[in-house]
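For reference, the structure discussed in these notes is given below.
Here, each number is a calculation from the coordinates, and none is a lab measurement. Quantities reported herein were computed from a predicted structural model and do not represent experimental measurements. Ideal geometry is used to build each Cβ from the backbone, glycine not excepted, and the neighbour counts take in all protein chains shown.
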DNA sequence: TATGAATGAGTTTTCATTCAT
DNA sequence: CATGAATGAAAACTCATTCAT
């Protein structure tokens with residue numbers, strides 16, 4: 001949230017207050033955005049939920065798009081913050097990956113509305129903001145890359161290091177897919193089973209026991 | 001296009017004409033939607049490209065959303081039509097899958113703008129239209145399901161038939177991901193190599209040579 | 001009006017209609033602008049007088065400033081059109097000037113609200129529009145310049161030709177001053193007497209009977 | 001400034017402080033007004049230049065228009081103050097007038113932005129404030145009237161005393177015109193030559209050597 | 001069928017002013 | 001006295017949709 005906050009100009013000087021109010025704005029906006037989409041949500045609605053006047057909102061942002069950015073950034077850092085504490089891996093890479101997948105996929109499940117929203121509305125951001133969000137996504141991916149590299153080194157995984165990045169993205173996408181294909185997946189599977197199967201598949205791909 | 005045509009009401013009686021004009025409308029709209037997004041494209045703009053008046057557009061559709069629906073449907077059937085001719089599989093399931101992946105992923109590459117668009121704007125459709133689009137997506141998936149079942153039967157694939165649906169979705173998503181993660185994937189991989197690696201991974205998952 | 005009209009883009013294709021509607025818009029706007037000033041007049045008010053919806057106004061202009069331009073241009077060409085028919089001078093330069101002054105000053109009197117308005121709001125136009133209005137003002141001035149030159153040639157006026165331009169501007173301004181100093185002048189003088197005195201003064205300046 | 005001070009109510013009791021702060025406000029506002037116009041300048045901007053908070057500004061004025069009034073008044077008294085010291089005329093009326101013109105026109109040149117501003121924005125003042133500004137303008141004019149009367153008495157000028165007021169206004173306007181017609185005049189003349197020519201013209205008008 | 005002018009509700013955004021601290 | 005966050009009315013402008021021709 002910190003880095004994001006700095007970029008958007010505010011009329012209000014008190015930085016703490018800006019932080020607080022922006023959090024409130026995001027809180028007010030996120031559900032509306034998720035439910036109705038960015039374009040169909042009006043700033044007036046957000047203000048109403050925000051519990052303050054429309055003028056007050058515009059003291060803390062410059063345009064409606066700023067709110068979108070704040071929301072996207074909030075979602076991303078929420079995911080990150082939820083994931084990070086679980087990511088101290090003393091165990092072997094295989095178990096580490098298993099756990100990381102479990103955590104990440106669980107969080108996707110919990111935050112599926114938000115993940116879905118990111119998929120749909122990121123494109124409404126301007127170039128710069130979009131880049132920033134992509135960067136954040138890459139940071140997440142790097143967590144998986146690191147585990148994969150460790151697994152290659154210690155011999156638990158058999159993939160080429162050229163493929164690590166792709167594999168990491170595969171894992172991320174296979175997780176997010178639970179959100180954006182929920183209309184069908186969640187009819188046929190429960191999250192636990194979903195994680196189970198996908199984990200098995202992913203590990204099979206990485207398995208050192210076989211060549212291609 | 002057929003089923004779509006049935007659902008959207010038109011003032012015009014002549015069914016052939018409706019077909020023709022709607023095709024023109026889609027042709028005019030699709031690029032605009034892809035470039036600017038659904039909400040930022042105006043009906044006026046579409047009419048201008050369409051080469052006819054706004055009034056005429058509204059003879060063939062009822063709302064702007066109808067155009068979105070026509071476009072989504074068009075994209076989906078374009079993909080299907082491009083895929084289908086390749087899908088007569090006399091060969092063994094393993095080769096059939098290999099070929100199906102190759103075809104589908106190649107088409108995603110060619111139509112990446114459109115695929116991306118579907119991901120972002122489907123949510124703007126109303127329930128019924130959205131369902132219809134999802135159904136189309138499932139049809140695509142079933143193609144992969146069939147091959148997978150065939151492979152299980154003939155012993156080339158070792159997965160449980162409970163996992164077939166999920167696996168099929170995995171394949172679809174791994175293909176589409178080339179479009180919606182292009183901002184990073186296409187910096188590091190070329191499409192051929194991408195298909196190569198992913199094919200290998202997928203086949204490894206399915207491989208009967210190993211247990212779990 | 002012609003040249004002005006061409007520059008402002010309209011959504012409406014029918015050029016005649018554009019002409020007609022714009023005339024109506026100007027007619028609706030001019031009094032409001034004169035009475036309340038440009039900034040304090042809302043487009044809604046203009047629409048109400050215009051007798052059409054606000055949407056319709058925006059079919060014929062792009063911005064509120066366009067209306068200002070249309071109005072300024074209208075005022076200028078009104079003055080020109082009222083002046084021109086009187087400006088065929090067969091008589092000697094002295095009488096010609098006398099008559100031109102009489103005509104121009106009379107028109108300033110009749111259109112004093114408009115003249116005043118131009119003085120106050122021209123600056124709200126953007127560079128290009130402002131230039132166009134200045135150009136129009138110069139055209140007016142040239143009429144006086146021509147008469148002065150003729151007077152110099154035929155010996156009725158004794159000023160240096162270097163001073164002609166300035167003298168022409170003096171005459172214009174001395175006329176317009178009747179409008180923008182009306183708060184005091186019109187308390188002490190009637191227009192006829194005003195024209196009388198100013199004419200005498202101006203002619204005295206030009207008199208060939210004396211040196212400096 | 002004195003009379004102005006009396007009219008505008010302030011929350012602050014300390015009269016000296018009111019004087020000081022208002023001078024600061026004017027100093028902050030005048031350039032902004034001149035550059036961007038009254039309506040396009042925000043009170044926030046003025047406050048920022050003023051170096052104090054918006055709240056503080058509103059301790060010393062009641063409305064934004066009050067600032068406009070203070071600024072107009074400031075400009076007028078600046079001109080007056082700059083003119084007055086030069087206006088002790090022991091010499092004959094002719095030389096006195098020559099000098100007064102020279103001084104006034106020079107000051108118009110120096111303060112052309114401000115003069116122009118007065119022409120454009122005075123109308124935004126309410127009736128009472130506008131009257132006050134007009135009064136100030138008349139005071140200026142009276143200086144010229146006095147010289148003219150003196151000239152009539154001592155026989156240097158030949159005009160009727162009925163025409164004195166008008167003549168005085170002519171002189172003022174011919175001076176101010178250097179500001180509001182600068183877009184053309186300053187392309188063709190330098191200020192010294194401008195003063196020269198205009199002085200000659202004016203004196204010719206007044207010359208006692210001829211009748212009409 | 002085709003046209004395109006007309007509509008006006010609805011949107012974002014601004015900014016003078018207030019008032020609690 | 002000074003502050004600056006909060007207010008909300010009001011403004012310009014857009015655009016999907018209708019309907020008379």
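For the residues of B:189-201, the average number of beta carbons from a partner chain within 10 Å of their own beta carbon is 3. In chain A, Cα pairs under 8 Å separated by at least six residues give a relative contact order of 21 percent. What number, in nm² with one decimal, is the all-direction average of the projected area of the convex hull of the alpha-carbon atoms of the protein assembly as shown? Approximately 48.8 nm², given one-decimal rounding. Ranked from shortest, the separations from the 7 Å Cα-to-Cβ label point of residue A:188 to its equivalents in the other copies are 2.8, 8.7, 9.7 nm. Here r is the Cβ-Cβ distance between residue B:12 and residue C:80 and R0 is 45 Å; the resulting FRET efficiency, rounded to 0.05, is 0.30.
Diffusion coefficient (Stokes-Einstein, Kirkwood radius over C-alpha pairs, 4 °C, 1.567 mPa s) for region C:73-130: 101 µm²/s, rounded to a whole number. For the rotation that carries chain C onto chain D, the axis lies closest to a Cβ at C:39, 2, where the number is the distance in whole Å. Sorted shortest first, the distances from the residue C:14 label point to those of the same residue in the other copies are 2.6, 5.9, 7.0 nm; each point sits 7 Å from Cα along Cα-to-Cβ. Here the scattering of region B:2-64 is modelled by Debye summation over its C-alpha atoms, one equal scatterer each and no solvent; at q = 0.16, 0.18, 0.20, 0.28 Å⁻¹ the log10 of I(q)/I(0) is -0.48, -0.61, -0.75, -1.29. Mean per-residue shielding of peptide A:160-170 is 4, counting Cβ atoms of other chains within 10 Å of each Cβ. Calculated on C-alpha atoms, the gyration radius of region C:46-88 divided by its Kirkwood radius gives an Rg/Rh of 1.19. Along each principal axis, taking the top coordinate minus the bottom one, the Cα set of region B:1-120 gives 54, 31, 20 Å in descending order. Extending 7 Å from the Cα toward the beta-carbon at both residue B:154 and residue D:192 defines two label points whose distance is 10.4 nm.
Look at B:189, D:149 and count the other Cβ atoms within 10 Å of each Cβ; fewest to most, that gives D:149, B:189. Distances between copies of residue A:86, taken at a point 7 Å out from Cα along the Cα→Cβ vector and listed shortest first: 3.7, 8.4, 9.0 nm. How far apart, in nm, are two points set 7 Å out from the Cα along the Cα-to-Cβ line at residue C:128 and at residue A:48? Here the modelled spin labels are 4.2 nm apart. Here each label is just a point 7 Å from Cα along the line to Cβ, and for residue D:92 and residue B:113 those points are 8.7 nm apart.
Beyond 26 Å, what percent of the Cα pairs of region C:71-206 remain? So the portion of pairs separated by more than 26 Å is 23 percent.
Bin width 5 Å, origin at 0, all Cα-Cα pairs of region C:120-163: what percent of pairs per bin? Computed distribution, short to long bins: 5, 20, 19, 13, 11, 11, 11, 7, 2. Between region D:117-163 and region B:147-212, the C-alpha centres lie 92 angstrom from each other.
Note on D:24-33: average number of Cβ atoms from other chains within 10 Å of each residue's Cβ is 0. By the beta-carbon count within 10 Å of each Cβ, the least crowded to most crowded order of D:137, C:16, fewest first, is C:16, D:137.
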